[in-house]
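Each value in this text was obtained by applying a stated rule to the coordinates, not by laboratory testing. Quantities reported herein were computed from a predicted structural model and do not represent experimental measurements. Ideal geometry is used to build each Cβ from the backbone, glycine not excepted, and the neighbour counts take in all protein chains shown.
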Amino acid sequence: MRKFLFFTATLSLFLGFACTSGRQSGEETSSSPFGPGKTTVSVDLSSVPDSLLTDASVILMLPSIFDERFEPEMIDLKPEGKVYSATVLVERDLTTSGLIIDTGAGRLATALISLRRDSTLTVTSLPADPDGNYAVQFSDTTGFNSYPVTFCPENPVMGAQTAMEMACMKLTESDPWFAPADLADPALLSSKMDTLYARHLSRAAEESNVDINRFPWLENYLHSVFVARWVLHFDLMAQQYFGFEVDTIPAAVLSKIGSFDFESALANADPQVGIRQLLESINRAVPGIEPIGETPVKEWIASAGAALSPYVPEPSPLLLPLLATMSYYDQISANKPLTDNQIAEIKANFPDSGLAQLLLMKNEQRVKALTVPSVQDELSDADFTLQSYIDAQFPGKPVVVDLWNTWCGPCRQAQKITDPVIKDPAYSGVVFMTVCDPSSPKDEWLRMTPSLPGHHVRISEASAERLAKTYGVEGFPTFLFFDRDHKLVTQHLGFESLDSYINNLNSINN
């Protein structure tokens with residue numbers, strides 16, 4: 001199959017991210033790298049033959065600093081002839097996003113691009129070379145990070161990132177095993193952490209076949225992955241891997257927080273990973289950092305800075321405002337909108353105006369989401385059969401069933417895309433239902449589902465196994481479309497596209 005090749009003349013740091021200059025800790029930000037804005041992306045595939053563009057789709061993976069891991073928003077660019085475009089909301093000066101070009105026959109290209117706030121990025125395909133390969137050019141050299149993901153064996157980004165993620169979750173007998181006695185020996189504990197990181201980094205280099213020393217920004221990124229996984233969750237890792245309890249994470253471990261460049265890591269976000277996990281983990285792990293609640297924001301930042309100072313003596317100018325942002329957002333995502341006092345405090349005193357705008361925007365979105373009816377039915381202690389349930393609960397109504405779990409990134413991506421459709425009055429006669437099993441923690445399910453419109457059920461493992469056998473479920477998400485008589489009309493694994501979802505929806509809504 002022909003393929004696109006992506007080229008650019010510039011090598012930008014950290015997957016095309018821009019480093020930002022800031023302020024001293026506690027001072028007002030004169031020019032924030034954050035803040036809402038709009039960017040238009042246009043992909044012109046005029047030089048590509050019609051035969052390669054049958055059922056083509058162009059998808060933008062757009063990250064947010066508020067995303068859970070692996071949950072960027074997936075946006076379909078709308079075609080007009082062979083030009084696909086969309087205007088999207090971005091959160092920073094430069095936002096790194098994924099670009100996927102698919103056809104009915106397979107994927108043509110995948111790349112990482114950087115979107116400049118309040119501008120237009122045009123991607124134009126060039127005529128095929130003698131070997132039938134297509135290249136593209138960009139209207140703005142900041143628009144591309146120079147590393148194609150799919151067709152470049154030398155790509156140091158995805159291979160090393162994936163290997164590091166796996167290394168952080170996989171231990172071998174050669175790794176330094178921790179023991180309860182280590183907690184009483186700070187020097188030994190610190191040495192073991194350093195050894196563990198070095199071995200993980202070596203494993204990432206070996207498994208990705210990348211000379212990581214050539215790319216300091218990449219090593220810094222991998223280091224931040226290790227800190228988020230191991231340093232800030234050492235208590236959980238000790239219990240999971242080594243079988244002993246840790247009441248508080250030792251200072252010798254937390255001291256590793258300051259071992260990488262926060263400025264580069266926090267100003268930017270990989271479109272698959274994001275920075276929310278790192279920030280929430282710091283708020284969770286460091287003693288003395290409490291939820292912000294009604295505390296004046298400058299007072300909270302001063303207190304958080306003091307608590308963090310033994311481990312990060314000179315924090316990045318972005319770190320403390322971002323920690324405050326995530327503390328507020330933890331409250332919002334727990335379906336507790338900001339109080340009037342908190343909103344007034346953020347408007348008057350938040351040290352980064354761009355982050356304040358984003359935070360208030362997220363609060364408004366959650367307030368609106370909570371006004372849409374949402375039902376939670378906890379049935380993990382009961383016997384559940386899907387056909388019997390929908391027959392009893394929704395007689396005479398078409399039903400769309402989304403089989404998902406809270407830990408499933410593709411499931412959450414699909415829900416972001418279908419949310420406006422579910423809220424569309426045109427489909428008010430359709431029941432939208434989700435079903436998950438006990439692998440979705442009850443507390444997390446209760447936190448997430450009130451902001452999702454529809455009817456939500458959590459069932460037992462035995463009921464889930466029976467459901468999977470009945471409908472041949474092989475993975476998540478799986479969508480089941482039942483007509484008014486509750487006859488299964490359509491079923492498919494994964495989220496194909498918004499158009500496909502709407503077509504299936506229309507087939508039962510008549």
At a threshold of 8 angstrom on Cα-Cα distance, excluding pairs fewer than six apart, so keeping six or more, what relative contact order does the stretch 158-367 reach in percent?
17
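Grab the other residues whose beta carbon is less than 11 angstrom from that of Asp93, score K and R as +1, D and E as -1, and report the net. Each step should come with its number before you reach the end.
On the way: positive: Arg92, Arg116, Arg117; negative: Glu91, Asp118.
In short, +1.
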Given H placed on each backbone N at 1.01 Å, which residues far from Ser32 in sequence or on other chains put an amide H within less than 5 Å of it?
Gly354
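Which whole-number percent gives the relative contact order of the stretch 374-508, counting Cα pairs below 8 Å spaced six or more residues apart? Don't jump to the answer; show the numbers that get you there.
On the way: 231 pairs, mean separation 48.6, N = 135.
RCO, the stretch 374-508: 36 percent.
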Distance (nanometres) between label positions extended 7 Å along Cα→Cβ at Thr195 and Asp483:
6.7
Show which lysines lie in cross-link reach of Lys487 when reach means a straight Cα distance below 18 angstrom and same-chain residues fewer than eight apart are skipped.
Lys397, Lys469
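Could you tally the net charge around Phe242, taking each other residue with its Cβ under 12 Å from the Cβ of Phe242, Lys/Arg +1 and Asp/Glu -1? Let's see the in-between values first.
Working: positive: Lys192; negative: Asp175, Asp182, Asp235, Glu245.
Combined, the nearby Lys, Arg, Asp and Glu give -3.
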For the stretch 113-123, in residue order, the Karplus 3J(HN,Hα) values (coefficients 6.51, -1.76, 1.60; θ = phi - 60°; whole Hz; Gly and Pro = x) are 10, 10, 9, 8, 4, 6, 8, 10, 10, 10, 10
List the residues, sorted by chain then number, that are 5 or more residues from Arg92 or on another chain and whose placed amide H is less than 5 Å from its amide H.
Gly35
Over all directions, the average projected area of the alpha-carbon convex hull for the stretch 399-504 comes to how many nm²?
6.4
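Pull out the extension gain between Gln376 and Ala184, defined as 0.36 nm times the separation in residues minus the alpha carbon to alpha carbon distance; nm, one decimal. Mind dumping the intermediate values first?
Details: separation 192, 0.36 × 192 = 69.12 nm, distance 4.62 nm.
Residue separation times 0.36 nm, minus the Cα-Cα distance, leaves 64.5 nm.
Summing Lys, Arg as +1 and Asp, Glu as -1, what charge do residues with Cβ under 11 Å from the Cβ of Ala369 carry, Ala369 excluded? Before the final figure, lay out each step's value.
On the way: positive: Lys362, Arg366, Lys368, Lys423; negative: Glu364, Asp419.
The answer is +2.
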Can you compute log10 of I(q)/I(0) for the stretch 349-449 with the Debye formula, treating each Cα as one identical point scatterer, at q = 0.11, 0.14, 0.18, 0.20 Å⁻¹?
-0.45, -0.69, -1.05, -1.23
